[in-house]
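Q: Just dropping this structure here.
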Amino acid sequence: MTRAKCAALTLGVALIASAAMPPAVLAQDKATALRWASFVSPKSANNAVTVPAFAKAIEEASGGTLKIEHYPGGTLGKGPVQQLSMVENAVADIAEVVVAYSPGRFPELSLFELPFLARSNVEAGLAAWKIYKKGLVSDFDELMLVGVIMSGPYGISTTKPIRSVKDLAGLRLRAAGPIQNEIVSRLGAVPVGNVPAPAIAANISRGVIDGTLMAPGNVYTFRIADAAQHHNFDVKLGSVAVIFPMRRDTYNKLPAKAKAAFDRYSGEWLTRRLGEGLDGQLAGAVKKLGSAGGHTIHQWDEAAIAEVRERLAPIVQKHDKVNEKGVNLYREVLAAIEEVRGAQ
């Protein structure tokens with residue numbers, strides 16, 4: 001047999017063997033890529049540090065069988081409201097979804113918007129993850145939670161001095177969702193909705209609103225510091241859920257080695273690091289505001305904070321009850337936060 005015929009025969013045998021192999025086996029040799037979408041700036045702490053660290057850890061642990069393709073800054077879709085549908089319609093595999101932009105979805109997570117609950121992003125995020133793992137968060141039949149941020153605790157940023165609660169009277173403040181609307185109303189201000197976070201600064205500059213409730217870590221992310229010069233962070237006005245969902249069928253199709261790596265670094269590992277990133281961003285933003293010319297951080301004494309607590313107490317009381325399933329979700333959230341604090 002000639003060398004050419006021998007080579008052809010060898011190639012033919014190899015092709016027949018590969019054709020006989022099931023697709024799942026062949027797929028093991030190729031990297032599966034998951035598209036991670038975020039409408040938030042690529043310079044944010046999570047997009048600049050945490051997500052790349054997650055992607056690197058996943059790729060190494062999976063032996064190169066799984067990759068994260070990162071699309072920050074709205075490169076897959078700029079609209080904050082559309083992020084959840086992008087996952088559900090397979091435009092993205094994972095996306096940064098602000099729960100308040102999807103009214104009626106994941107209602108249990110809105111409890112973290114209640115005032116004076118969590119002290120940091122880390123403890124709120126890990127508490128939310130515990131609630132999810134206990135099966136207390138609805139609407140995850142076809143989705144799964146990859147990680148969660150509880151952005152906050154929220155403060156107030158305005159164009160006018162806010163030396164006391166009385167200074168809030170009549171101010172038009174952007175609020176997201178029913179709980180924030182009631183918080184703003186009970187503080188004597190006027191809630192203004194339907195203003196996505198990326199549009200807050202422009203609406204303040206145009207005089208449409210006087211300010212906003214916002215986590216201090218995001219006053220620079222959304223350029224609010226360019227438009228509002230007065231801030232108060234003593235009042236802890238709740239945390240807004242930002243989830244990173246993924247379709248379960250997408251996860252189920254992952255190769256075994258890729259799935260093992262994903263299981264290792266998603267969930268608690270990712271949630272903790274997302275929270276640490278945002279807490280670091282918060283501390284940096286407050287420090288920058290304090291040293292920047294033209295900005296004033298108004299500090300309220302204990303009497304003023306006590307007045308805020310009293311005004312907002314009815315909002316908490318409204319949610320401190322047993323639901324139709326026999327569960328007091330507010331108490332479950334409190335218990336989860338205390339558990340996280342005790343473990344730190």
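None of the figures in this text is laboratory data; all of them are computed from the coordinates on show. All of these numbers come straight from a predicted model, not from anything done at the bench. Note that each Cβ is placed from the backbone with ideal geometry, even for glycine, and that neighbours are counted across all protein chains shown.
Q: What order do you get for 272, 331 when you list them from fewest to most C-beta neighbours inside 10 Å? Mind showing how you got there, number by number?
A: On the way: 272 18, 331 13.
Listed from fewest to most nearby Cβ atoms, that is 331, 272.
Q: Projected onto the charge dipole of the chain (+1 at Lys/Arg Cβ, -1 at Asp/Glu Cβ, origin at the Cα centre), which of 336, 77, 143 gives the Cα projection farthest towards the positive end?
A: 77
Q: Along the range 220-234, what does the Karplus equation 6.51 cos²θ - 1.76 cosθ + 1.60 (θ = phi - 60°) give for ³J(HN,Hα), rounded to whole Hz, x for Gly and Pro?
A: 8, 4, 9, 6, 5, 5, 6, 10, 10, 10, 10, 9, 9, 10, 6
Q: List every residue whose amide H lies under 5 Å from the amide H of residue 68, counting only residues 5 or more places away in sequence or on a different chain, with H placed 1.01 Å from N in the peptide plane.
A: Excluding prolines and chain starts, which carry no amide H, the hits are 34.
Q: What range in the chain is the longest one free of chymotrypsin sites (Phe, Trp or Tyr not before Pro) that are in a loop by DSSP and have at most 16 other Cβ atoms within 10 angstrom?
A: Values: sites that count: 116, 140.
In short, 141-344.
Q: Considering the chain as a Gaussian network with a 10 Å cut-off on Cα pairs, which listed residue, 260, 225, 201, attains the greatest mean-square fluctuation?
A: The residue that fluctuates most here is 260.
Q: Using DSSP, restrict attention to beta bridges with both residues in the chain and report what percent are antiparallel, rounded to the nearest 5.
A: 55
Q: In a GNM of the chain with a 10 Å cut-off on Cα contacts, which of 303, 197, 92 has the highest mean-square fluctuation?
A: In this elastic network of the chain, the residue with the biggest mean-square fluctuation among 303, 197, 92 is 303.
Q: Then there's this: So if I place +1 on the C-beta of Lys and Arg and -1 on the C-beta of Asp and Glu, and nothing else carries charge, what would the dipole magnitude of the range 108-246 be about its Cα centre? I want it in debye, nearest 20.
A: 420
Q: If you don't mind, there's one more thing I want to ask. Under a point-charge model restricted to the Cβ atoms of Lys and Arg (+1) and Asp and Glu (-1), what is the dipole moment magnitude of the range 137-194 relative to its Cα centre, in debye to the nearest 20?
A: Around 640 debye, computed over the range 137-194.
Q: Which residue, 332, 302, 88, has the most motion in a Gaussian network model of the chain that connects Cα atoms within less than 10 Å?
A: Result: 302 has the largest fluctuation of those listed.
Q: Is the range 72-214 rounded, prolate or oblate when judged by the Cα gyration tensor, a ≥ b ≥ c being the square roots of its eigenvalues, rounded requiring a/c under 1.5 and prolate requiring a/b larger than b/c?
A: Oblate, since a/c reaches 1.5 and b/c is not below a/b.
Q: Now, a different point. From the phi of every residue in the range 86-98, what ³J(HN,Hα) in whole Hz does the Karplus formula 6.51 cos²θ - 1.76 cosθ + 1.60 yield, where θ is phi - 60° and glycine or proline is x?
A: 4, 6, 5, 9, 6, 6, 10, 8, 9, 9, 8, 10, 7
Q: Here's another thing I want to ask about it. Any aspartates and glutamates with Cα under 20 Å of the residue 321 Cα? List them, leaving off those in the same chain fewer than 8 positions away.
A: Here the aspartates and glutamates satisfying the reach criterion relative to residue 321 are 108, 113, 182, 310, 332, 338.
Q: Let me ask you something else. Distance check, please: which entries in 160/236; 236/288; 67/259; 130/253; 43/78; 67/253 exceed 18 angstrom between their Cα atoms?
A: Values: 160/236 20 Å; 236/288 20 Å; 67/259 11 Å; 130/253 26 Å; 43/78 15 Å; 67/253 14 Å.
In this structure, 160/236; 236/288; 130/253 exceed 18 Å between Cα atoms.
Q: With charges set only on the Cβ (+1 for Lys and Arg, -1 for Asp and Glu), what does the dipole of the chain come to about its Cα centre, in debye to the nearest 20?
A: The calculated dipole for the chain is roughly 720 debye.
Q: Quick check: the angle from helix 302-319's long axis to the longest principal axis of the chain, C-alpha only, nearest 10 degrees?
A: Roughly 60 degrees between the two axes.
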